[in-house]
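S.K.: I have a structure here, written as structure tokens, and I will follow up with some questions on it.
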Amino acid sequence: MKERIAQIVQKEGMTAAQFADKIGISPSSLSHILSGRNNPSLEVVMKIHKACDYISLDWLLYGEGEMETDVDSDNNGSFPGPLFDENSLFASNGTNVPEYRKGIEVKASTIPPKEIVREEIKYIEKPARKITEIRIFFDNGTYETFRPEK
């Protein structure tokens, strides 16, 4: 594709920088494409096609067919015009007839709704704990026991 873009630049009689300005990209982006460092994005291809509408998209993208197409006709001639043209095949002809369709009847649910379950959390108070014994162990293997007085 880079060779085909170079052919377009040459046909336009411009430098790469001038052509980059014409299509709306930076000169360094075009330089990277022409050197083979980067492949052109679809956005760049579409900018080239928009700026040079005589270039065939099939030729630019795939190298198929002729470089130039007739500006008044489409690349393959099978479409009557742009897809979103005001005069397209699907444009309204002034009459706006409502379309009636038989809908599918929505049946009410026969399953009864679930009952709401409420959870209650009860806190049970435990009696206060009391110390009944304290033991202290010593390094010589002995220990002492302390008990609270009643």
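The values are calculated or read from the model by the stated rules, or taken from the named source; none is laboratory data. Please read these numbers as outputs of a predicted model, since none were measured by experiment. Quick reminder, even Gly has a Cβ in these numbers, built from the backbone with ideal geometry, and neighbours come from all protein chains shown. For the accessible areas, the whole protein counts, side chains as well, though only heavy atoms, and no ligand, DNA or RNA atoms are used. Shrake-Rupley method; radii C 1.70, N 1.55, O 1.52, S 1.80 Å.
S.K.: Contour minus end-to-end for Thr132 and Arg4, with contour as 0.36 nm per residue of separation and end-to-end as the Cα-Cα distance?
M.R.: Contour length minus Cα-Cα distance gives 36.5 nm.
S.K.: Need the full-extension length gain, Asp139 to Glu119, defined as separation in residues times 0.36 nm minus the C-alpha distance. One decimal, nm.
M.R.: Taking 0.36 nm per residue and subtracting the Cα distance, the gain is 1.8 nm.
S.K.: Under 14 Å from the Cβ of Ile131, count the other residues' Cβ atoms, weight Lys and Arg +1, Asp and Glu -1, and hand me the total.
M.R.: Value of the local net charge: +3.
S.K.: What is the sum of charges around Phe146, taking Lys and Arg as +1, Asp and Glu as -1, for the other residues whose C-beta is under 11 Å from the C-beta of Phe146?
M.R.: Summing Lys and Arg as +1 and Asp and Glu as -1 gives -1.
S.K.: Determine the order of Val45, Val117 by accessible area, beginning with the largest, at a probe radius of 1.4 Å.
M.R.: Solvent-accessible surface, decreasing: Val117, Val45.
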